[in-house]
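Participant: My structure is below; once you've seen it, I'll send some questions.
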Amino acid sequence: MPEVNEGPERVPDDRMSSPPDSYDEDDGRLAKKVYAVSVRWEREQQGRRRQTSDPSRPVVENKPFLTFTIEDFNRYFCCCARRVGSMFFLLERRDGSPIVVAGPCWPFCTFVTVPLIVGLSGLVGYFIVSNPNTGLPWWFALIYYPIVVFVLTVLFCVSCRDPGLMERVTDEEAAENGWFWNEQVGSYRPAGAMYCRECKALVHDYDHVCPWTGTAIGKGNMIPFKIFVFSVNVLCYFSVGLVIWQVMDKVT
């Protein structure tokens, strides 16, 4: 979805911003960072909060127990996480910076990518690598299984790492530094940042959304993503090679 009418001359609404790393004047606590997320999504969330807090307001809709969409996974598996757009902060610092985060496509990564890697490599390991009848030396397992563990570790680093979510910037001085106004998130952005429709947030050096890793790929997880792509290809070719070798050995 293309960005709408960007330009540094836009005057932002100061009510949508909050200075990062600041202290709450009332209780002296560190205020959480305000990220540049979809303005439309924020309005929807604020409307739901007002409706919930005021029992006299009529109920607009009653959500069914199951909607058979990805929101079912988000509602029941990420109910304790702080939601920022379509990102879920499972573990965060005091200032609101995410330590462990789940992306918008986390169910696909959890229930498709991980089972494929674990299941297929487990079958190869059980029937070929760890099978004493195949004729492979015992130390071969010390090569294959660490590769599997490494692939899963790198996948975690890609999927559960902040892809580069940007804080909301409404100061007009940003326009003087070459930043552009983004209408969808109500914030200025640098040239390398793009609005991610799936994440409903602004991502620095945004590249794409990878459903296999379950999240957006940006500045924060680009290097682990490249390592994951390389290592999972090594594991794939290694496993296929073992299967072909075993089949050829049985035939001959």
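Participant: Amide H neighbours of residue 187 under 5 Å, at least 5 residues apart or on other chains, H built in the peptide plane: list them.
Facilitator: 182
Participant: Something else: Residues of the range 70-225: accessible area per residue at 1.4 Å, in Å²?
Facilitator: Accessible area per residue: 48 Å².
Participant: Please list, in order along the range 232-249, the HN-Hα scalar couplings obtained from phi with the Karplus expression 6.51 cos²θ - 1.76 cosθ + 1.60 (θ = phi - 60°), rounded to whole Hz, x for Gly and Pro.
Facilitator: Values, residue by residue: 6, 5, 4, 4, 5, 5, 5, 5, 5, x, 5, 5, 5, 4, 5, 5, 5, 5 Hz.
Participant: From largest accessible area down, sort 183, 92, 172; use a 1.4 Å probe on the protein chains.
Facilitator: 172, 183, 92
Participant: Mind listing the long-range amide H neighbours of residue 84? Cut-off is under 5 Å, sequence gap 5 or more, other chains count too, H placed in the peptide plane at 1.01 Å from N.
Facilitator: 89
Participant: Calculate, in nm to one decimal, what residue 116 and residue 150 gain on full extension: separation in residues at 0.36 nm each, minus their alpha carbon distance.
Facilitator: Taking residue 116 through residue 150 to full extension adds about 10.7 nm, to one decimal.
Participant: Using all Cα-Cα distances in the range 163-244, what percent lands in each 5 angstrom bin from 0 up to the longest?
Facilitator: P(r) for the range 163-244, in whole percents per bin: 3, 14, 21, 17, 12, 10, 7, 6, 4, 3, 2, 1, 0.
The values are calculated or read from the model by the stated rules, or taken from the named source; none is laboratory data. Because the structure is a prediction, the values reported are computed rather than measured. Note: areas computed on protein heavy atoms with side chains; ligands, DNA, RNA excluded. Shrake-Rupley method; radii C 1.70, N 1.55, O 1.52, S 1.80 Å.
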